[in-house]
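To start, the structure itself, in structure tokens.
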Amino acid sequence: MGTTIGIWIAAGLTLFIYSFLYKDNPFYKFAEHLYVGITAGYWIIYTWAYVIQPMLLDPMIKNKQFILIIPAFFGIIMLTRWFPQISWLSRWSIAFTVGMGAGLGVTGAIQGFILPQVQATLVPLTGFNFETFNNFLIVFGVLTTLIYFYFSKEQKGVLRWGSKIGITFIMVAFGASFGYTVMARISLLIGRIYFLLSDWLKVLR
Amino acid sequence: MLKRTLLLIVFLILSISLFSENDSLIFLENQTPFEGFAITGKDIPNDGGGGIEIEWSFPDSLDNFFLTVLRKDEAGNNSIVATDLLVSSKQVRDVSSEEDPSRVKDGTKYYYTGILSKKMVDEDFLNMLISKENGYSKNGIYIFNNDTFYVTAETDAIISKASWFNLSRIPVVISLILISFVFLYYLNLAKSGKELYIRKINGLDAVEEAVGRSTEMGKPIMYILGIGYVTDIPTIAGLTILSRVSKKVAEYETKILVPSYDPVVMTTAQEVVKEAFTEAGRPDLYNKNDIMYITQDQFGYAAGVDGMMMREKPGAVFLQGLFFAESLILAETGHSIGAIQISGTTETAQLPFFVAACDYTLIGEEMMAASVYLQKEPMMLGSIAAEDLLKVFIMVLIIVGFVLSIFAYGFNIGIFKNLFDLLARALQV
Amino acid sequence: MLKGKGIPIFITFLVGMIMIISFFIPHKPFGDIEKISLNWYSIIAGFTMLLGVDSLIGMHFRKLKRKDENWFFSLVLILGFTATVVVGIIETVRFGTAFDDKSYFTYIYNYFIVPLQSTMFSLLAFFIASAAYRAFRARNFDATLLLITAIIVMLGRVPLGEQISPYLPKFTEWIMQVPQMAAKRGIGLGISLGALGVSIRIILGIERSYLS
Amino acid sequence: MNFFIKLSKIDRRFIYLFIALVVVLPLIFKPKFPVVVSKPVQDVYDYIEKLPEGSNVLISIDYDAASMPEQQPFLEALLRQLFKNKLKPILIVQWQLGAPLGTMGLEKIAKEMGAVYGVDYINLGYRPGYVAQMVGIGKEIRDYFKVDYRNIPLDSFPMMKNVHNYNDIALLVGLEAGSTYLAWIEYAGGRFKQKIALALNAVSAPDAYYFYQSGQIVGLVGGMKGAAEYEVLVDKPDLAVAGMASQSYSHLVIILFIVLGNIAYFIEKGMKNKEGGK
């Protein structure tokens, strides 16, 4: 019973969202507002169940990890934004979080991308064959793409040609990854149509 | 020959014991299945402590046998590290973790023993071995209920310890020092008053036009920061661009809407816009309710922003930050209401969709550099010049690697092979 | 003194430097700093969630009070929010966690959130088509190349392509693995350098627009 | 000519309508659509065809509703083949949310093929802890599955009398949406030499191709395309074939629109140039 009602609700909401393709209308507005409201509520409960309780309260009370007072402090002073006289305190929290992001950004960029990707470009050639040609093409593509991102000189001469070839590589890449994604997106639609036709209308068998 | 005979005896005993009813145990001390039957252990290097690595190297013919590893601590307590590992896996790590913090303690002596078997290890046998009275100090062949188990000698005492420096990250340290030097050099250069240049970036010159046209039409500006957190660099970059855009918005005395996915991003965006409005001399125009939270559900956010776009009809839409699958949902809706769209992200998978659906797209690093472009302060320009010099370093490195590779493998010259391997290893992280 | 930008800039600098230095120290507590910091971010964000909800519900509450054009939908949003939170609390008490299989909170997730999510996601099937139609015009050399690659790859991905030529899927793979990968790697290296630039500007306090 | 000019300004909603039609219609009418069977899929089919009558086939449902369009058609096609060859499917579930999907597919095809529960097939349902389970089945399946999905003891079913561990299972077929298959390969395949065939979502299929080449799995069915091929093999083209038709037609429609858009673009440009010439 619960399942049947659930399927009808799900089917209704699915159609409401699709009505947006025609134009903005009350059905879409209904689904949209319900969606935002429900998920905003969902995340409150989620935050309690998967963040505040297991990451803050339990370790602090059960394991006496009082170091967690630090994030709790920064979390609480975030709430000073409700009181204009002391709302400047919330900047400390913002500074704290931005600092974390920036710090992680430095080492993350070097270890997570620059070194491994440069290393991946260094491939032992197997002789003068198609694979070598491919490797050459990759090296050439990486270099010209990097030239496109060279900012501190006007693009003239070699830089101009390099960045032109670079943008050509970039466009090929964009075309390819666009085309490659179409199939996955159509699959999503097929999935929804499946649901409507089989679970709800039961016309597929 | 002796070994074969012994094995024959083992089998004989084995077949005899088939008829015995109770658990039977036959023990042949000091017998080994092959020469050098042993396991070794060592502290795991470059870790935070609480970890020991046990290794073994048995003949290939035993690859499909199982190995069970036991641990004994100083006090003589025995415990199981892992049962029935495939011999071919060659190693196992005995590590304390958050779920199981009591496995290995730093500074304690541990002794390990391995049990090799063709079948999975028998639980009763295992229990018997680790029970305190028996211990498993004796190595040799055990025949338990017709199954044969080969037990290694104990390893030497192994002590786990925590390291203060991760040696495997030396390439990162070196890169970091180099990078710091390059940045400091250019920042000093900028301080000393040297003029630095930044090339034209398509799309950023359109910011003024987008805000202006929007104002003319009496429509607000919408600025979408995507679904990143403040700890994501692209989101930070999006926020810095927001600061420059809001300044223009304040100058034109129009309105900017910033729907947000993450509440911390929302509060940060509020600060950014407030500061920009104050700098532009119009703090009175700032309304914190224009920078609102929607929901932390990826597509819920997209649905909410789409609805807001349809109803508020912004004249210009900025999409700057971290975007995933929702990118095209937002950009197509933005296009359908006829807004000028300037997008930018570092997600390469989403860039094609922005390129297709928006008027201007900042590709990757262009977006990171955008805030500098929009506010050409010397120090900021200095950091861009530093990035560019590092870019040259990377290009040189790649070219050198390629040339080495040609000489090493194309022309088969030994010394270049060594150099090439050295370079590849230097970059290993 | 306390109110100025000085302290926040110092906090950013300090936290940023601690993050970088800890990266090289496996010893406790530095070794787990990345994980710890992300947990801490979640905790801070958890508190901030209250500001977010205040912002969202406050906005719709004002719309409701003003009898705004779309006030009814604001009511729907507020009711949806309240109902979910109330059910969540009741089920947390009842099962110990609202995420239990049998809880009504899970029911809401399965029959409201999941279909809404996947339907919004599937809108992309339509949008990808309209975006391609509109944008893929052979305006110049690069645009032409983009649209030709897109068409080749689109064909190469479906059985149809294999029937046109067995080489089409292979060619598609080649495009993905060679030119596509090269450009992606180049873009990625640029992004990493850009990220370094942004981070360093923030840590050194050159970029301070996020503080008012 | 006018037609093309109009076309260049076509309302986006027509495009939406076309996409909707080419996706929905094939699903309802299931047209004949040529599908070429690839070797990894053929290998799965052939392997099953060669199994002696009465062999047990363990099917693991490791996907949820999100992957239904890719996996469900294969499940049905596979079950058709198994029942036709008098092989006995044993269904287990590693992804809890997939349990109803597995049951649905199994009951549907069993009814269609006249198979009897407990004699010709059985459904053991979901148990938590997949690694322990994969290793445990190597010893005794009853350690983890004492009862079936409706809590009826295993030993009351005739077909389970002689099923104890991997030795009694001729083939394991994993229907995989995530990376659970890696554990199957490592534990069931690596430790117990269990023969494995996999059906993977299109996204992860290329990654698993390596295991096929190295012989660690007997065959590989990738995404909806693979499922369509399997439907052709069991001679009952169904939803996957229809889905592939939807895919192909929608790709074609998009390409067609791009081409038409470009024709319109060039005609318009030509006309503008002429006007400019005046």
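Descriptive notes on the structure:
- Looking across segment B:316-327 at every residue that is among the small types (Gly, Ala, Ser) and either assigned to a helix (DSSP H, G or I) or under 31 Å from the mean Cα position of the chain (by Cα) (or both), the one that is surrounded by the fewest Cβ atoms within 10 Å (Cβ to Cβ) is identified as B:325.
- Entry remark, segment A:3-25: residues being over 25 Å from the mean Cα position of the chain (by Cα), free of Cβ contacts under 8 Å to residues at least 12 places away in the same chain and facing chain C (nearest Cβ under 7 Å) number 2 in total.
- Taken together, D:245, D:227 contain a single residue that is buried (at least 22 other Cβ atoms within 10 Å of the Cβ), part of a helix (DSSP H, G or I), away from chain C (no Cβ under 11 Å) and not charged (D, E, K, R), which is D:227.
- A single member of A:46, A:28 is in a helix (DSSP H, G or I), surrounded by fewer than 22 Cβ atoms within 10 Å (Cβ to Cβ) and more than 7 Å from chain C (Cβ to nearest Cβ), and it is A:46.
- Matching residues, segment C:60-73, being at the interface with another protein chain (Cβ under 7 Å from one of its Cβ atoms) and either in a helix (DSSP H, G or I) or touching a Gly at 6+ places or on another chain (Cβ under 6 Å) (or both): C:73
- Looking at B:218, B:238, B:203, B:228, just one residue is on the phi > 0 side of the Ramachandran plot, surrounded by 18 or more Cβ atoms within 10 Å (Cβ to Cβ) and either of a type outside the set (Phe, Trp, Tyr) or in contact (Cβ under 8 Å) with a residue 24 or more places away in the chain (or both), and that residue is B:203.
- Among the residues examined, residue A:77 does not qualify as at the interface with another protein chain (Cβ under 7 Å from one of its Cβ atoms) and either under 30 Å from residue D:17 (Cβ atoms) or not hydroxyl-bearing (Ser, Thr, Tyr) (or both).
- Boolean, residue C:90 is closer than 30 Å to residue A:16 by Cα, buried (at least 16 other Cβ atoms within 10 Å of the Cβ), more than 7 Å from every other protein chain (Cβ to nearest Cβ) and of a type in the set (A, V, I, L, M, F, W, C): no
- Screening the candidates B:89, B:175, B:102 for the property of being within 14 Å of chain C (Cβ to nearest Cβ), of a type in the set (S, T, N, Q) and free of Cβ contacts under 8 Å to residues at least 40 places away in the same chain yields one hit, B:175.
- Scanning segment D:151-165 for residues that are out of contact with any strand residue (DSSP E or B) (no Cβ under 8 Å at 6 or more places or on another chain) and not acidic (Asp, Glu) yields a count of 8.
- Criterion applied to D:15, D:61 was being buried (at least 21 other Cβ atoms within 10 Å of the Cβ), more than 30 Å from residue B:332 (Cβ to Cβ) and touching a residue at least 24 places away in the same chain (Cβ under 8 Å), and the one residue passing it is D:61.
- Leading residue by the ranking (surrounded by the fewest Cβ atoms within 10 Å (Cβ to Cβ)) among those in segment B:352-405 that are farther than 16 Å from residue C:194 by Cβ and of a type in the set (Gly, Ala, Ser): B:401
- Residues being in a helix (DSSP H, G or I) and under 39 Å from the mean Cα position of the chain (by Cα) - total across segment B:249-278: 16
- Which numbered condition residue B:384 misses (of (1) farther than 25 Å from residue B:196 by Cα; (2) modelled with pLDDT of 95 or more): (1)
- Just one of the numbered conditions (1) at positive phi; (2) within 7 Å of chain C (Cβ to nearest Cβ) is not true of residue A:72: (1).
- Qualifying residue in segment A:113-120 (condition: at the interface with another protein chain (Cβ under 7 Å from one of its Cβ atoms), of a type outside the set (Lys, Arg), within 27 Å of the chain's Cα centre (by Cα) and surrounded by fewer than 17 Cβ atoms within 10 Å (Cβ to Cβ)): yes
- Any chance residue D:258 is of a type in the set (Val, Ile, Thr) and either part of a helix (DSSP H, G or I) or within 13 Å of chain C (Cβ to nearest Cβ) (or both): yes
- Neighbours by Cβ (under 8 Å, 6+ apart or cross-chain): first from segment D:201-218, within 14 Å of chain A (Cβ to nearest Cβ); second hydroxyl-bearing (Ser, Thr, Tyr) and surrounded by fewer than 19 Cβ atoms within 10 Å (Cβ to Cβ): D:204/D:179
- Summed over segment B:217-253, residues that are charged (D, E, K, R) and closer than 13 Å to residue B:321 by Cβ total 1.
- Single residue of segment B:281-315 satisfying the filter (among the small types (Gly, Ala, Ser), free of Cβ contacts under 8 Å to residues at least 40 places away in the same chain and under 26 Å from residue C:45 (Cα atoms)) that is surrounded by the fewest Cβ atoms within 10 Å (Cβ to Cβ): B:307
- Candidate set: segment B:17-47, residues that are among the small types (Gly, Ala, Ser) and modelled with pLDDT of 85 or more; chosen: the one nearest to the chain's Cα centre (by Cα): B:41
- For segment B:166-188, the criterion of being touching a strand residue (DSSP E or B) at 6+ places or on another chain (Cβ under 7 Å) and closer than 21 Å to residue C:199 by Cβ is satisfied by no residue at all.
- The criterion of at least 2 residues that are touching a residue at least 24 places away in the same chain (Cβ under 8 Å) and in contact with a helix residue (DSSP H, G or I) (Cβ under 8 Å, 6 or more places away or on another chain) is met, among helices (runs of 4 or more DSSP H) falling completely within segment C:104-212, by C:179-203.
- For segment D:209-219, the set of residues classified as outside any helix (DSSP H, G or I), touching a Gly at 6+ places or on another chain (Cβ under 8 Å) and surrounded by fewer than 24 Cβ atoms within 10 Å (Cβ to Cβ) consists of D:216 only.
- Residue B:423 meets each of the listed conditions (1) at the interface with another protein chain (Cβ under 10 Å from one of its Cβ atoms); (2) assigned to a helix (DSSP H, G or I); (3) surrounded by fewer than 18 Cβ atoms within 10 Å (Cβ to Cβ); (4) more than 26 Å from the chain's Cα centre (by Cα) apart from (4).
- Residue check: residue D:69 meets all listed conditions (1) closer than 28 Å to residue D:27 by Cβ; (2) touching a strand residue (DSSP E or B) at 6+ places or on another chain (Cβ under 8 Å) but one, namely (2).
- Condition met for residue C:78 (at the interface with another protein chain (Cβ under 7 Å from one of its Cβ atoms) and more than 28 Å from residue A:70 (Cα to Cα)): yes
- Among the strands (runs of 3 or more DSSP E) confined to segment B:111-228, the ones with at least 1 residues that are assigned by TED's automatic domain parsing to the domain that holds residue B:346 are located at B:221-226.
The values are calculated or read from the model by the stated rules, or taken from the named source; none is laboratory data. Owing to the predicted nature of the structure, the values given are computational and were not obtained by experimental measurement. In this analysis, Cβ positions are derived from the backbone assuming ideal geometry, glycine residues included, and neighbour counts consider all displayed protein chains.
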